[in-house]
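Input: a single structure, listed below in structure tokens.
Every read-out reported here was derived from the displayed coordinates using simple, explicitly stated rules and does not represent laboratory data. It should be emphasised that the depicted structure is a prediction, and the values quoted were computed from it without experimental measurement. All Cβ positions, even for glycine, are placed from backbone atoms using ideal geometry, and neighbour counts span all protein chains on display.
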Amino acid sequence: RNVAYNANVAAGQTVTFGFQATPGGTSATATNFAVNGVQNPAPVLPKVTVADATVVESNSGTKNIVFTVTLDKA
């Protein structure tokens with residue numbers, strides 16, 4: 001819905017706005033909002049892959065294992 005400050009913003013243009021907040025104050029996470037009619041999607045978490053992890057078990061002591069961990073995106 002257009003309000004006084006954005007009624008004449010054309011496609012591809014920008015508008016600037018601000019807000020006030022209290023340092024050290026608490027605030028709730030924003031919910032139920034949309035940008036350009038699109039709801040905020042749930043984040044897609046990165047995938048972690050562990051490869052080349054093998055070790056021969058024994059009845060005593062400890063063993064170190066070296067393996068590769070890959071993250072699919074930052």
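Average projection, convex hull of the Cα set of the chain: 11.5 square nanometres. What list of ³J(HN,Hα) values in whole Hz, one per residue of the range 26-41 in order, does the Karplus curve 6.51 cos²θ - 1.76 cosθ + 1.60 (θ = phi - 60°) give from phi, with Gly and Pro shown as x? In residue order, the calculated couplings are 9, 9, 7, 5, 5, 9, 6, 10, 9, 10, 6, x, 9, 5, 5, x Hz. When the Gaussian network model of the chain links Cα atoms closer than 10 Å, the mean-square fluctuations of Val48, Val35, Val15 top out at Val15.
Highest GNM mean-square fluctuation, the chain, Cα pairs closer than 10 Å: which of Thr14, Thr31, Thr49? Of Thr14, Thr31, Thr49, the Gaussian network model singles out Thr14 as fluctuating most. Extending 7 Å from Cα along the Cβ direction at Thr62 and again at Leu45 yields two label points whose distance is 2.8 nm.
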